[in-house]
Structure formats: C-alpha cells, structure tokens
Amino acid sequence: MRTHPEIFLTRAEAERALWEMARDGRADSDQDRWFRAMVLLATFASLRWGEVSALRRMDVDLVAKAVRVRVAFVERSTGGLLLGPPKSKAGRRTVGIPESIIPILKEHTDTYVQDEPGALMFPAAKGGPMRRSGFNTRTRWVDVVKDMGLLGLHFHDLRHTGNMLAAMSGAGLKDLMARMGHDNVRAAMIYQHAVRGADQVITDAIDQQLKKHDEGDDDGSAGVLAPVG
C-alpha cells in the first residue's frame, strides 16, 4: 500500500482497498487457511457457532470420522464468553464427519492446534476462544460473501446448508433431529418438507389434472366443478 497514492481515513477503508487490489491482481496475496477447516466442519457437520468455536482437539476424532459436541460458548450482552452446555439437551451429540474434509481437518490440526487434548480446535490469534466479531474481521466475511454473490450470508447459514444436505439423504426424522441437535421435531420437519418439496409436488399434480381436463374436454365444460358427496 506504500505505492498507492490514495490516503485513507481509517484502517478499515485501507484494508477494503487492499482487498480489492488483491482481487484485481494489483497486489500480491497469500491464502489464509486458518479458518478453512472451521467453515467446512460447521457446514457439513451442522454445527452452531457456539459449538464449533468450543471444540477441543479431543472432541474431533479423525480416525472414527466423528466430532463430539459437549459444550458451547455463549457470548453475553456484557461481552464476556460463557462456556456451558449446548443450546438444547439434544445438542450434546456425536456427528459424523464426511470423508472429503478429513484431510483438511488433519492439516488444520497439525498446523494450528496445540498438542494438548484440551486445546481449542479453532482458537483466536492469541490462543483464546474465537469471537464471532473477530472471525468476521479476520476473514473479511462481508467482502468475501459479496464477491461470491451471496450478500447477506451469515455464518449460521452454513449450518442450514448442512441441515438441508442431511435432509436430502433421506434420513428419518429422529436421525435428522439427532444430527442437528434438536429436541423437537418442528425444525427437522421444516428441512424435510423443503427438500421433498411436497407442496410443489401436490401443486404440479393438480396442474396436470387441470391440463388433462382442458385438453380432453371438447364440449365446453372445462372449469365446471365436480359435485362431491
């Protein structure tokens, strides 16, 4: 940025300009893989922010391809972080990890995670818990999702994506509830309904019946309601 003629009033404005220069090839950039595993695990294991940020090395079993959710961070209105049980009783769960992201998690663990079993899987720069605001700043989240054409995408939407993929597998309601960490059926049913597109199937079937009726009716009776009962 020393060669850039423009003067910026704030650091945020300068960083935004640097981001655009790197994207356009006017500045060199290195890929930061610090958060890659975190984003992928949150997505494909359907984890909440508080759950994924509280994971420790001993909670992620790369051999068994599973992650154990035992605790979660909650950010209080005062700004402090509180470590406690997950959002619901069902939040304490074991979730399978897709084979495709195991190498990425292994690379992350070897590179960024301390050797102690209780070491955080996704720590902040100084080793403490990762705050959502710090994550957004470090990743330039707003700029990234905007460049992807996904303006307004939030971290929690990654969990929604994972839930939709789980529902697409055809798993039963109880299995979906267990993976998502829900102790009521309502949320799981929403994903099932969205994937199956039940209402659209019904609508299309009605439309087909109407089209058949119109095509096969030559005596002008199309649109007449049939008596029932």
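Cβ separations smaller than 9 Å between residues 6+ apart or across chains give the following pairs from region 72-92 residues that are at pLDDT below 85 to residues that are assigned to a helix (DSSP H, G or I): LYS87/GLY50; LYS87/GLU51. Scanning region 185-203 finds no residues that are touching a strand residue (DSSP E or B) at 6+ places or on another chain (Cβ under 8 Å) and modelled with pLDDT of 75 or more. Out of curiosity, is SER100 within 17 Å of the chain's Cα centre (by Cα) and surrounded by fewer than 13 Cβ atoms within 10 Å (Cβ to Cβ)? Criteria met by SER100.
Annotation: of all residues in region 136-156 being among the aliphatic types (A, V, I, L, M) and in a helix (DSSP H, G or I), the one that is most open to solvent (accessible area, probe 1.4 Å) is VAL142.
The values are calculated or read from the model by the stated rules, or taken from the named source; none is laboratory data. Note that the structure is predicted; figures quoted are calculated from it, not measured. Every residue, glycine as well, gets a Cβ built from its backbone with ideal geometry; the counts of neighbours run over all protein chains shown. Heads up: the accessible areas ignore ligands, DNA and RNA and are worked out on the full protein's heavy atoms, side chains in. Shrake-Rupley method; radii C 1.70, N 1.55, O 1.52, S 1.80 Å.
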